[in-house]
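Visitor: Let me begin by handing over the structure; questions about it come next.
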Amino acid sequence: MKKMILISLLFFSAASAPALNFFGIEYNGSTADNILNLIYGLAQGDEAVVDEYYGQLKKTDPSLAKAVDPDHLKVPCSYCEGKGSLDGGRPCPVCQGTGIVKDSQSLGYLQYKFCNALDEGKSEKKAWMEAKTAFDERCAVFLNSEMLTGTVIRKEDGGALLSCPDNDETVYLKGIGSEFPSNEGASVSGEVWLAGTHNYKDEDGEMMEVKCYTATLWMD
């Protein structure tokens, strides 16, 4: 069975702020630059960068800094299901007992939403609140994934209609990557999340409504 690669990568770019300065020279980056560089540091796993730009954010916008807690920019650990421990009370070796982990895909989405809101002319505070709300909504269902197996009926609207043999059901899958097989009848399998419903026209021109799944939470 051909395995579908479900996640489309989001690429990070650090803000166009001056380089880190650890020599006591004042840093004059904007609040937006500080947030973007903080996110970038988290994605890279560089605690020095995170600490530096979080400290600078406290200077440029102390009020907003209170709402930008680096520990709240992580996702539930899927290995221990966010519990922080395994059977027998052993600390989870993946999250070291915290129940949360750094995830580059989710951070890429957070950066994307924040930048989009800024481009729309929204204030840094409003842009952050919108981005963080979208991030939190997806974190809330992060552990609710399902395994989906089916065959391609056809691709449409940036996604694909699939026939699922397990329950003889047609579903729609969005958020697929370029590796997704495009030929009718191709077998696909992967992790998905329920994302509402999708309407399409069948061969007789009748409007149909089916379950919609997304191959990645971290894409609109």
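Visitor: Given only helices, namely DSSP H runs of n ≥ 4 each adding -39500 (n - 2.57), what is the per-residue ellipticity at 222 nm of the chain, to the nearest 500 deg cm²/dmol?
Guide: When only DSSP H runs of four or more count, the value is -9500 deg cm²/dmol.
Visitor: Where the accessible area of the range 31-141 is counted over protein heavy atoms with a 1.4 Å probe, how much of it, in %, is carbon and sulfur?
Guide: Summing carbon and sulfur atoms, their accessible area is 47 percent of the total for the range 31-141.
Visitor: Need one word for the range 89-220: rounded, prolate or oblate. Basis is the Cα gyration tensor (sqrt eigenvalues a ≥ b ≥ c); a/c below 1.5 gives rounded, then a/b vs b/c decides.
Guide: oblate
Visitor: If you take the beta carbon distance between residue 149 and residue 71 as r and set R0 to 35 Å, what does 1/(1 + (r/R0)^6) give as a FRET efficiency, to the nearest 0.05?
Guide: Efficiency for this residue pair is about 0.45.
Visitor: Mind scanning 155/211; 83/174; 58/113; 74/125; 102/211 and naming the pairs with a C-alpha gap bigger than 24 Å?
Guide: Result: 83/174; 102/211 exceed 24 Å.
Visitor: In nm, what is the difference between 0.36 nm times the number of residues separating residue 182 and residue 170 and their Cα-Cα distance?
Guide: 2.7 nm
Visitor: Which value, in debye to the nearest 20, describes the size of the charge dipole of the range 146-214 about its Cα centre when Lys and Arg Cβ atoms bear +1, Asp and Glu Cβ atoms bear -1, and nothing else is charged?
Guide: That gives a dipole near 260 debye.
Visitor: Over the alpha-carbon set of the range 129-184, work out the extent along each principal axis and list the three values in angstrom, largest first.
Guide: 42, 24, 16
Visitor: Further question: All other residues with a Cβ under 11 Å from the Cβ of residue 34 taken together, and with Lys, Arg as +1 and Asp, Glu as -1, what is their net charge?
Guide: -2
Visitor: Further question: Put +1 on the Cβ of every Lys and Arg and -1 on every Asp and Glu Cβ in the chain; which of 85, 144, 108 then has its Cα farthest towards the positive end of the dipole?
Guide: 85
Visitor: With axes computed from alpha carbons, what is the tilt in degrees of helix 31-44 against the longest principal axis of the chain, rounded to the nearest 10 within 0 to 90?
Guide: Relative to the chain, helix 31-44 is tipped by roughly 60 degrees.
Visitor: Counting just the Cα atoms, what span does the chain cover along each of its three principal axes? Round to the nearest Å and put the largest first.
Guide: 69, 50, 26
Visitor: Arranged from highest to lowest average of other beta-carbon atoms within 10 Å per residue, in what order do the peptides 192-199, 168-175 appear?
Guide: Result, highest mean first: 168-175, 192-199.
Visitor: To the nearest 10 degrees, how steep is helix 104-119 against the longest Cα principal axis of the chain, on a 0 to 90 scale?
Guide: Taking the Cα atoms of the chain, the angle to 104-119 is about 70 degrees.
Visitor: Another one. Rounded to the nearest 20 debye, what is the charge dipole size of the range 52-119 about its Cα centre when +1 sits on each Lys and Arg Cβ and -1 on each Asp and Glu Cβ?
Guide: 120
Visitor: Against the longest principal axis of the chain, how steep is helix 47-60, in degrees 0 to 90 to the nearest 10, with axes from Cα atoms?
Guide: So the inclination is approximately 70 degrees.
Visitor: Suppose we keep just the alpha-carbon trace of the range 42-106; what are its Rg and Dmax in angstrom?
Guide: Answer for the range 42-106, Rg first and Dmax second: 14.3, 46 Å.
Visitor: Radius of gyration and Dmax for the range 146-214's Cα atoms, expressed in Å?
Guide: Cα only, the range 146-214: 11.1, 31 Å (Rg, Dmax).
Visitor: Rounded to two decimals, what is Rg over Rh for the range 31-141 when you use alpha-carbon atoms and the Kirkwood radius?
Guide: Expressed as Rg/Rh, it is 1.02.
The values are calculated or read from the model by the stated rules, or taken from the named source; none is laboratory data. The structure presented is a predicted model; accordingly, all values stated were derived computationally and were not measured. Ideal geometry is used to build each Cβ from the backbone, glycine not excepted, and the neighbour counts take in all protein chains shown. Note: accessible area is taken over every heavy atom of the protein model, side chains too, but ligands, DNA and RNA are not part of it. Shrake-Rupley method; radii C 1.70, N 1.55, O 1.52, S 1.80 Å.
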